[in-house]
């Protein structure tokens, strides 16, 4: 091991749609802004202070296409990746820097619209709703019988 670590974990809300850039050979990159919020009480003034930090997320190839398809502005998402700083020159020849999060893994945290038919989601939720409406002793007895099967 090299003795260093470059790892970032963020949970935030997307600030815009995923912007895609396609290259020759079929590769692509998706970029989108992610907002993380911090809230605390200023002890001197006893005021609530809110700070928003914006991060530029970069996703590559198939992962970028998945993000483009499913992520919408305002969605909550978990991002895991690494920090990368790029140096470039502006029109005046001045050195500029931009810091990006190179996304390696992500998990969508915003539940999808329940109006849209999603068979896999509806199947597990139906037994939960039925269990909640029945008396608690009957479902437990059924579960115990199923769990006691000798295998």
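Each reported figure results from applying straightforward, stated rules to the coordinates on display, with no laboratory input. As the structure is a prediction and not an experimental result, all values here were calculated from the model. Note: ideal-geometry Cβ built from the backbone for every residue, glycine included; neighbour counts use all protein chains shown.
Some notes on this structure:
- The mean sequence distance of close C-alpha pairs (under 8 Å, at least 6 residues apart), as a share of the length of the range 1-93, puts its relative contact order at 38 percent.
- Neighbour-count order for 87, 72, fewest beta carbons within 10 angstrom listed first: 87, 72
- The range 8-110: radius of gyration and largest Cα-Cα distance (Dmax), Å: 16.2, 58
- Fully extended contour minus Cα-Cα distance, from residue 68 to residue 11, at 0.36 nm per residue: 18.7 nm
- Euclidean distance between Cα centres, the range 1-21 to the range 84-104, Å: 15
- Length gained on full extension, residue 107 to residue 19: 29.8 nm, using 0.36 nm per residue less the C-alpha separation.
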